[in-house]
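Engineer: Structure provided below as structure tokens; questions to follow.
The values are calculated or read from the model by the stated rules, or taken from the named source; none is laboratory data. Everything numeric in this text was worked out from a predicted model, so none of it was measured. Here Cβ is always computed from backbone atoms with ideal geometry, including for glycine, and neighbour counts include all displayed protein chains.
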């Protein structure tokens, strides 16, 4: 792997830096002192999911297709490798134990609790200038609604709704209270029946507070398992061919056992490519620069690939 000014890793790091985020692991998006909003493919009822993370460690997933929060988690935010590896579009992992909010598909209904909306259109979100916290906006049967989600205290989630005007008809919100310790309704709201909250026509601001059950299991991150061919495809292919084609870095064709001219600490040398040389090239690529590639510096992958990844890649490169 030789001289590479723009890799997926460096591009991701640049994106994170521009958005004011901190990076705890190469593919993780973490939250510092400002709420983070990230569109990504994560578990849920639709592909139009938006992850929101707060500095407190509270995070939630918002379904933009059905205009509702679907679950929350505490701790880390999102492993974004599903988007950064390959061509993107893969599922990203949330870095915590998922807890369902018990909201139904299209939880808000107008006029009749058993009738799905005739029209439902997501209108984006507005961010608080100081905190970055989003207020989601959507239109349901022609009625504009603003929705926000926050965690006022540990294990508590508050869903707030504000309607464009009063006297817009009775509204109903479907939420399964049996999944929680307690569900508390703001003044004027009441249970129409189990699982359905009624918001009378006269009320244009409503909130539903959820007391979550305690989590009885810790979050354990699943180890990543990539084959050598996958690692090559994700991290190396853009700059290093396996068929002799000249790219930005040296080809991997007939890599092992070949004679390679290098420059080490400014002194020219010739080495035979072996496992130790490849491992060094991955973790400390500036130590021995392949002759002719001094002007296209490659970043270290020491914090990107773990020991298992490196061994898998080396094994693959012996016979790509």
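Engineer: Name the residues in the range 151-171 that are under 19 Å from residue 64 (Cα atoms) and touching a residue at least 60 places away in the same chain (Cβ under 8 Å), would you?
Structural biologist: Within the range 151-171, 157, 159 meet the criteria.
So that you can scan it fast, the table gives a plain yes or no per residue for (1) assigned to a strand (DSSP E or B); (2) modelled with pLDDT under 95; (3) over 19 Å from residue 142 (Cα atoms); (4) out of contact with any helix residue (DSSP H, G or I) (no Cβ under 7 Å at 6 or more places or on another chain):
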| residue | (1), (2), (3), (4) |
| --- | --- |
| 154 | no, yes, yes, yes |
| 158 | yes, no, yes, yes |
| 162 | yes, no, no, yes |
| 169 | no, yes, no, yes |
| 174 | yes, no, yes, yes |
| 183 | yes, no, yes, no |
| 187 | no, no, yes, yes |
| 191 | yes, no, yes, yes |
| 197 | yes, no, yes, yes |
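Engineer: For the condition touching a residue at least 60 places away in the same chain (Cβ under 8 Å) and part of a strand (DSSP E or B), what is the one hit in 262, 215, 210?
Structural biologist: Working: 262 fails: touching a residue at least 60 places away in the same chain (Cβ under 8 Å); 215 fails: part of a strand (DSSP E or B).
Step by step, each of 262, 215, 210 is checked, and only 210 is touching a residue at least 60 places away in the same chain (Cβ under 8 Å) and part of a strand (DSSP E or B).
Engineer: Evaluate the range 94-109: report whether one residue or more is part of a strand (DSSP E or B) and more than 25 Å from residue 180 (Cβ to Cβ).
Structural biologist: So far as the range 94-109 goes, no, none of its residues is part of a strand (DSSP E or B) and more than 25 Å from residue 180 (Cβ to Cβ).
Engineer: Considering only the range 146-178, state which residues are farther than 20 Å from residue 51 by Cβ, crowded, with 16+ Cβ neighbours inside 10 Å and under 26 Å from the mean Cα position of the chain (by Cα).
Structural biologist: Across the range 146-178, the qualifying residues are 161, 175.
Condition check ((1) more than 25 Å from residue 225 (Cβ to Cβ); (2) without any contact (Cβ under 8 Å) to a residue 24 or more places away in the chain; (3) surrounded by 15 or more Cβ atoms within 10 Å (Cβ to Cβ)) across all residues:
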residue: 249; (1), (2), (3): yes, no, yes
residue: 257; (1), (2), (3): yes, yes, no
residue: 282; (1), (2), (3): no, no, yes
residue: 310; (1), (2), (3): no, no, yes
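Engineer: Quick test of your reading of the structure: residue 292 fulfils all but one of (1) within 33 Å of the chain's Cα centre (by Cα); (2) in a loop (DSSP other than H, G, I, E, B). Name the failing condition by number.
Structural biologist: Here residue 292 clears every test but (1).
Let's see how each residue does on (1) in contact with a helix residue (DSSP H, G or I) (Cβ under 6 Å, 6 or more places away or on another chain); (2) at pLDDT below 95:
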{"site": "205", "(1), (2)": "no, no"}
{"site": "214", "(1), (2)": "no, yes"}
{"site": "217", "(1), (2)": "no, yes"}
{"site": "223", "(1), (2)": "no, yes"}
{"site": "228", "(1), (2)": "yes, yes"}
{"site": "237", "(1), (2)": "no, yes"}
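Engineer: Residues being part of a loop (DSSP other than H, G, I, E, B) and more than 18 Å from residue 198 (Cα to Cα): count how many of those fall in the range 112-152.
Structural biologist: We begin by selecting, within the range 112-152, every residue part of a loop (DSSP other than H, G, I, E, B); these are 112-119, 128-133, 141-142, 151-152.
Subset that is more than 18 Å from residue 198 (Cα to Cα): 118-119, 128-133, 142, 151-152.
So the answer is 11.
Engineer: Please give the number of the condition residue 123 fails out of (1) surrounded by 18 or more Cβ atoms within 10 Å (Cβ to Cβ); (2) modelled with pLDDT of 95 or more; (3) under 22 Å from the mean Cα position of the chain (by Cα).
Structural biologist: Every condition holds for residue 123 apart from (1).
Engineer: Also, I was wondering about something else. If I filter the range 298-307 for residues that are more than 15 Å from residue 235 (Cβ to Cβ) and surrounded by 12 or more Cβ atoms within 10 Å (Cβ to Cβ), do I get at least one hit?
Structural biologist: Looking for residues that are more than 15 Å from residue 235 (Cβ to Cβ) and surrounded by 12 or more Cβ atoms within 10 Å (Cβ to Cβ), one finds none in the range 298-307, hence no.
Engineer: Being closer than 30 Å to residue 174 by Cα, out of contact with any strand residue (DSSP E or B) (no Cβ under 7 Å at 6 or more places or on another chain), in the same structural domain as residue 108 (by TED's automatic domain parsing) and in contact (Cβ under 8 Å) with a residue 24 or more places away in the chain: is that true of residue 200 here?
Structural biologist: Considered against the rule, which asks whether it is closer than 30 Å to residue 174 by Cα, out of contact with any strand residue (DSSP E or B) (no Cβ under 7 Å at 6 or more places or on another chain), in the same structural domain as residue 108 (by TED's automatic domain parsing) and in contact (Cβ under 8 Å) with a residue 24 or more places away in the chain, residue 200 comes out as yes.
Engineer: Just checking, how many residues over the range 54-72 are without any contact (Cβ under 8 Å) to a residue 40 or more places away in the chain and in contact with a strand residue (DSSP E or B) (Cβ under 6 Å, 6 or more places away or on another chain)?
Structural biologist: 6
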